[in-house]
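**Student:** I have a structure I would like to understand better, so I am pasting it below and will then ask my questions one at a time.
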Amino acid sequence: MKKPKIRELREAVRSLFSKPYTTRFPMEEIIVPEGFRGKPQFYEEGCVGCTACAQVCPSKAIEVEENLDPANPTRRLTHIPAYCINCQECERNCITGQGIKLTKQFDVSYFSENEVNHSIEHQIILCSHCGGIVGAKKHILWVMKRLGSLSFSQADYIEHIQKSLDIPAIIPVKHEKHEKIERDEIFNITCPKCRRAVYIEDEKIHF
Ligand code: SF4
Ligand code: SF4
């Protein structure tokens, strides 16, 4: 049998009287360092429902579900910790800078995913012509605020401004469903798909 070396013996004796290098978690709370990237969380006040965070997420950890029921159209964003790699891209690219932030929570353990998945819901606005999604209502209002008076060039926007200010419609916007949209209706349409269709149709006439 090989004899133990003096250095190893010394280390063994020293370790008997020194504190362990590991922590006592979960018996004791761990204070994580500043800038630690834990589980992301949505914040109701800051999120406008634009889905930018879901689009930049490299691991598809933010799921977007859309309910197109005209009576109550909604968009739900759900963060799924099981797919999240805590890269912080969602926080960096959030258009408001306040909608999603990484917390310091690192101990995400669960029996069922639904216990830890975290959602936020937004009302969405549908195009009055094709029924497609124009955007989240809160997002549109956020854009309008930034545009200032420029947003008054869009009849649909004026309607939303009036509603958000809780004032009676000064300029009523007519939403009539019909097969073909005419060029003169373009200012009543916020849906990019319909606007594009009208412009293409218009260009065709000139060829
Ligand atoms: S931290 Fe990264 S992986 Fe996790 S939700 Fe945000 S963007 Fe996706
Ligand atoms: S506001 Fe921020 S958190 Fe909300 S959907 Fe847009 S990017 Fe995501």
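**Student:** May I ask you to rank Ser149, Ser164 by accessible area, largest first, using a 1.4 Å probe over the protein chains only?
**Tutor:** Ser149, Ser164
**Student:** In addition: Considering all projection directions equally, how large on average is the shadow of the alpha-carbon convex hull of region 36-126, in square nanometres?
**Tutor:** About 6.1 nm², averaged over all directions.
**Student:** Let me ask another. Can you order the peptides 92-102, 65-75 by their average number of other Cβ atoms within 10 Å per residue, highest first?
**Tutor:** 92-102, 65-75
**Student:** Counting each pair of different Cα atoms once, what's the Kirkwood radius of region 13-74 in Å, rounded to one decimal? Walk me through the numbers on the way to the answer.
**Tutor:** On the way: mean 1/r = 0.0592 Å⁻¹.
After inverting the pairwise mean of 1/r, the radius is 16.9 Å.
**Student:** Leaving ligands, DNA and RNA out of it, work out the accessible area of Val143 with a 1.4 Å probe and give it in Å² to the nearest 10.
**Tutor:** 50 Å²
The values are calculated or read from the model by the stated rules, or taken from the named source; none is laboratory data. Since the model is a prediction, treat every value here as computed from it, not as a measurement. Note that we place each Cβ from the backbone using ideal geometry, even for glycine, and neighbour counts take in every protein chain shown. For accessibility, only protein heavy atoms count, side chains too; no ligands or nucleic acids. Shrake-Rupley method; radii C 1.70, N 1.55, O 1.52, S 1.80 Å.
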